[in-house]
1. Residue check: is Lys194 of a type outside the set (S, T, N, Q), touching a Phe, Trp or Tyr at 6+ places or on another chain (Cβ under 8 Å) and farther than 30 Å from Asp96 by Cβ?
2. Looking at Phe338 and the list (1) on the phi > 0 side of the Ramachandran plot; (2) crowded, with 20+ Cβ neighbours inside 10 Å, which single condition is not satisfied?
3. Which count do you get for residues in region 143-178 that are closer than 30 Å to Glu296 by Cα and either open to solvent by less than 40 Å² (accessible area, probe 1.4 Å) or charged (D, E, K, R) (or both)?
4. Quick test of your reading of the structure: Leu5 fulfils all but one of (1) open to solvent by less than 40 Å² (accessible area, probe 1.4 Å); (2) in contact with a Leu (Cβ under 9 Å, 6 or more places away or on another chain); (3) part of a loop (DSSP other than H, G, I, E, B); (4) at pLDDT 95 or above. Name the failing condition by number.
5. Can you pull out the residues in region 205-229 that are in a loop (DSSP other than H, G, I, E, B) and over 15 Å from Leu316 (Cβ atoms)?
6. Among the residues of region 129-142, is any aromatic (Phe, Trp, Tyr), more than 23 Å from Phe197 (Cα to Cα) and open to solvent by less than 30 Å² (accessible area, probe 1.4 Å)?
7. List, please: which pairs have Cβ atoms under 7 Å, are six or more places apart or on different chains, and start with a residue in region 36-47 that is of a type in the set (Asp, Glu) and at pLDDT 95 or above and end with one that is crowded, with 18+ Cβ neighbours inside 10 Å and assigned to a helix (DSSP H, G or I)?
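The values are calculated or read from the model by the stated rules, or taken from the named source; none is laboratory data. Small disclaimer: the values here were computed from a predicted structure and weren't measured. Ideal geometry is used to build each Cβ from the backbone, glycine not excepted, and the neighbour counts take in all protein chains shown. The protein model used for the area step is the full one, side chains on, heavy atoms only, and it has no ligands, DNA or RNA in it. Shrake-Rupley method; radii C 1.70, N 1.55, O 1.52, S 1.80 Å.
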Amino acid sequence: MSVRLTPAEGRAVWYGPQIYYRAEGMHVLSADEIAEIDDALAHLHSLGTLDFPEITPETFPLPNLGRFFDNLGRELHYGRGFLLLRGLPRERYSLDDIGLVYYGLGMHLGRPVAQSYQGELLGNVIDVSDVEAHARGYHAGGGQRMHSDNCDVVSLMCVRAARSGGISRIVSAAAVHNRLLETRPDLLEALYGKWVFRRMELDAQYGTGPLTKKVVIFSRESGQLTCNVSGSYPHRAVKAGDAVMTPTQIEALDEMARIAAAPELYLDMNIGEGDIQFLNNRTILHGRTNYEDSPEISTRRHMLRLWLQMPTWPPLPANQGMQSPADYPLWLRQRTSFMEVPTRYLAEMTRRKAEIAA
């Protein structure tokens, strides 16, 4: 057995049923903290109508709460890797103002990056699969299997809950790693090996160009056990003829997915309206349960999403993740001003649906 196949240790190794996240992984905003957020929003409005790239810690100042986010960055990196921020009174803010607040808070934690070739800095996570052909997971309904994204911290804010279901499900990648080490070390070794992933064509076209990338799923190169996986990318490579997966690789992906979905490992977290979830994308896999939604776009389950880079963290190994830091500024060239404003986004999706129905 390779010397690298040793158990992960530390706080990043946790088991969902052993955690009461409302006591151990949640911060409830105080009245003073909410007042500081309101003051920051008022200051932002006093500067005129600013686009998202113009929102900074200076234009959205949080003199006291800003220190909380400094500490949160360290906790996400060295601790369990998750936090739910609760207490923001959703009913107090318009949909667009809640988007400004969310983005402003995120700027005190890290640096938002583009989330696809379209260049969106604030993602609208909503089922528009009846409008968009080949909609990605964040624009499609239903449940999602455990996966990771392409950033340091992934965050979600709930602005409209589903009729039922849609629970956030997270799992410690280190716990999955250790379970594989106990039961199938041969499969774990394969997950440390090289894989060929094929990314989305438009992400490649508008980014750095190459469609395929050789990656590893588990790595210790950064000094910490990190994980980056999405089951669709290696299968895309096989389907396109870019690679051939061995039987061991196929079994390794399937077994990793099975363990990540095991009730004795995962943690279910209810993100209510106004709640914000922060996850260390390097150490946690996330998904969601199935849900019942509204037929009207304007009243569907709606989350806002940030992908954050953390400049104070060691760089993610270059052979992990489908995108590279060089993609983000290239994707931003497709971005148009105010394109992420939630009401504008919903209006555009509603217009497109009406055109399809006509």
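1. On the way: of a type outside the set (S, T, N, Q): yes; touching a Phe, Trp or Tyr at 6+ places or on another chain (Cβ under 8 Å): no; farther than 30 Å from Asp96 by Cβ: yes.
Here the answer is no, as Lys194 does not meet what is asked.
2. For Phe338, the exception is condition (2).
3. Filtering region 143-178 down to residues closer than 30 Å to Glu296 by Cα leaves 143-149, 154-170.
From what's left, either open to solvent by less than 40 Å² (accessible area, probe 1.4 Å) or charged (D, E, K, R) (or both): 145-149, 154-160, 162-163, 166, 168-170.
Final tally of qualifying residues: 18.
4. Checking Leu5 against (1) open to solvent by less than 40 Å² (accessible area, probe 1.4 Å); (2) in contact with a Leu (Cβ under 9 Å, 6 or more places away or on another chain); (3) part of a loop (DSSP other than H, G, I, E, B); (4) at pLDDT 95 or above, the one that fails is (4).
5. Our first condition is that a residue be in a loop (DSSP other than H, G, I, E, B); within region 205-229, this holds for 207-211, 216-217, 220-225, 228-229.
Answer for region 205-229, where residues must be in a loop (DSSP other than H, G, I, E, B) and over 15 Å from Leu316 (Cβ atoms): Gly207, Thr208, Gly209, Pro210, Leu211.
6. Step one: of region 129-142, the residues aromatic (Phe, Trp, Tyr) are 138.
Narrowing further to those that are more than 23 Å from Phe197 (Cα to Cα): none.
No.
7. Glu36/Leu65
Table: residues versus (1) charged (D, E, K, R); (2) assigned to a helix (DSSP H, G or I); (3) open to solvent by 60 Å² or more (accessible area, probe 1.4 Å).
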residue	(1), (2), (3)
Leu180	no, yes, no
Glu189	yes, yes, yes
Leu202	no, yes, yes
Leu253	no, yes, no
Gly272	no, no, no
